[in-house]
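Note sheet for the following structure.
The values are calculated or read from the model by the stated rules, or taken from the named source; none is laboratory data. Treat the numbers as computed from the prediction; the structure is a model and nothing was measured. Cβ sites come from the backbone with ideal geometry, for glycine too, and all protein chains shown count toward neighbours. Keep in mind that these areas ignore ligands, DNA and RNA; they rest on the heavy atoms of the full protein, side chains included. Shrake-Rupley method; radii C 1.70, N 1.55, O 1.52, S 1.80 Å.
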Amino acid sequence: MTAAPIRKIPVGVLGATGAVGQTFIKLLANHPWFEVTAVAASERSAGKRYSDAAHWLSGDMPERVAKLTVTACDPAVVDAPVVFSALDSDAAEEVEAAFARAGRLVLSNARNYRMDADVPLLIPEVNPDHLALIPIQRAARGWSGAIVTNSNCSTMVIALALAPLHQAFGIEQLFVTTLQALSGAGYPGVPSLDILGNIIPFIGGGEEEKIESEPLKILGTFENGAVTPARMRVSAQVNRVAVEHGHTACMSVKLASRATPDAAMDALRSWKGAIAGLGLPSAPERAVIVTMEKDRPQPRRDVNAGNGMSVVVGRVRTDPMLDLRLVAMGHNTIRGAAGASILNAELMFARGLIKA
Ligand code: NAP
């Protein structure tokens, strides 16, 4: 069990007005360890009250944050030691580096630094040992802060569902088709007339390439000061669908050691992940939940499993070409974004990398 900090740790949210930024604000509203003391966004929003700057998307805006004034994304004005970044990738590169240079710990959702050799691409249950890249990053870049990233939202669903199978049997090949929710495109995102009653078989920003590369780093091994990627070939096709929240991944995998669907389900069910017992506030009881119902997982019914922090896996069956097929689904703005960053920060506090 990790002891809570004596007083809450002040944190800032960069890109606080967007879809992921708002999810940070909601998840941090009653967080036992962290307290939002600064909200920052673009110059369009800077200087306004948060309640005026953010087009709030669901539920009630936490009162304390509603009154804060949005600032520019500048380490000279955001003085929190820890910042969560929900910045657009166009802004993230420069801004996140500026904060790390200024000695801050940056927990980033943006794609810019994820695949850099000295930056952890972290899922606490899967690869907590990759945090050992932080001193290497500091030495290489000459900054006293650090950048720690979480994956693309679909990668998160895929990597969590596959981690137990990779650890038990080894995965050599993956074919994956995703059905991705609208909130994954941010706000206002895809125009309603383009998506209502429709499927768009394309997502920009290199979505397929991210899914084809990020899981290899996440499932890779940290040795001799570097991550050796998992030896796995991935082919991804992505689709935007008219679902509010919840990305679905339909997968076929080829295993290094063959396994029956029952053996695979046992491996998924018995998997505890690397942070069991640490008592991290955002960690779900089970990061991977197996459903036996023939028509699940479904975003509408399963997206809030584990408060949005669990990935639900179902339809585990034999694949006539490779070895196994399965379907996984998870909440893209919680487990796939803000919740993932917060869990990363909680692990860093438990490891003494964030000080009270
Ligand atoms: P979004 O709704 O478009 O929000 C973007 C945020 O970035 C807004 O707060 C915006 O502020 C701010 N911003 C834009 N340009 C800026 C600039 N030049 N300087 C400072 N701030 C700037 O996007 P989102 O969906 O929340 O995504 C945020 C990040 O998370 C992206 O990098 C995205 O790829 C990543 N991500 C998203 C998801 C998801 O499910 N949505 C999942 C994983 C990762 P203003 O309001 O002032 O314009």
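Residue check: Ser58 meets all listed conditions (1) surrounded by 14 or more Cβ atoms within 10 Å (Cβ to Cβ); (2) of a type in the set (Gly, Ala, Ser); (3) closer than 19 Å to Ala185 by Cβ but one, namely (1).
Scanning segment 233-254 for residues that are part of a loop (DSSP other than H, G, I, E, B) and open to solvent by 10 Å² or more (accessible area, probe 1.4 Å) returns Ala242, Val243, Glu244, His245. Counting only helices (runs of 4 or more DSSP H) that sit completely within segment 255-356, those holding 2 or more residues that are within 30 Å of Ser144 (Cβ to Cβ) and under 21 Å from the mean Cα position of the chain (by Cα) correspond to 339-350.
Selection of first residues in segment 147-159 that are of a type in the set (A, V, I, L, M, F, W, C) and of second residues that are within 9 Å of the ligand (Cβ to nearest atom) and open to solvent by 10 Å² or more (accessible area, probe 1.4 Å), restricted to Cβ pairs under 6 Å at least 6 apart or on distinct chains, gives the following pairs, ordered by first then second residue: Cys153/Gly184.
Being in contact with a Pro (Cβ under 6 Å, 6 or more places away or on another chain) and either among the hydrophobic types (A, V, I, L, M, F, W, C) or open to solvent by less than 50 Å² (accessible area, probe 1.4 Å) (or both) narrows it down to one of Leu216, Leu179, Leu196, so name that one.
Leu216
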